[in-house]
Amino acid sequence: MDAVAKRFFIGLGIFALAAMVFLGTWQQKAEASVSWGQEVAEVAKLYKGVKYKWGGKTPKQGFDASGFTQFIYDDSAAHIKLPRTSQGQYKVGENVTIKDLQEGDLVFFNTNGKGVSFVGIYLEKGNFIAVTVSKGVSIQSMDSKYWKTKYVGAKRVLKQY
């Protein structure tokens, strides 16, 4: 290879390297950060279809309502230890109005006429995920006739930034 060809290829290499550096910094991806609530909601969705089991607190054995929320909060990146029962979970966190609900908030219901007896994890747009006897882990609408009449309140136990 003669001197002219060497200079051509060296120049081409320098140009290619400069172009890669320029394009690499110019086209950096914008990355959105995921909130704790989104993390909890996404982890909860992974267990859709797991069966209901009274007293259950693992995917293998099945879940009851408070066992599900307890497992998800601990299993997700949030690593929050919740009390075992829905009544106990209702005692932690900050009260949240229904209009201020965010993904990952706990939503509570009175399904037995004796106070808080059921809990789920708010998703968005009026939906929450919970474990029911008939459907196992599934997405429910807070606007359904049944849940609307049973709603008690909501709590936020996740850190907000």
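Just so it is clear, none of the values below were taken in a lab; they were calculated from the coordinates. From a predicted model like this one, the values you see are computed outputs, not experimental measurements. Methodologically, a virtual Cβ is constructed for each residue, glycine included, from the backbone with ideal geometry; neighbour enumeration extends over all protein chains shown.
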Extension gain (nm, one decimal) between residue 149 and residue 35, 0.36 nm per residue minus Cα-Cα: 38.1 nm
Two-site label geometry, residue 159 and residue 110: point separation in nm, points 7 Å out along Cα→Cβ: 3.6 nm
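By how many nm would the segment from residue 92 to residue 42 grow when fully extended, if each residue of separation counts as 0.36 nm and the alpha-carbon distance is taken off?
Values: separation 50, 0.36 × 50 = 18.00 nm, distance 2.19 nm.
This chain segment gains 15.8 nm when fully extended.
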Counted charge near residue 60, where neighbours are those whose Cβ lies closer than 11 Å (Asp, Glu -1; Lys, Arg +1): +3
Per principal axis, descending, Cα span of the range 36-156 in whole Å: 33, 29, 25
Whole-angstrom gap from the range 100-161 to the range 46-80, using each part's C-alpha centre: 14 Å
Relative contact order %, the range 36-156, counting alpha carbon pairs below 8 Å whose residues are six or more apart: 29 percent
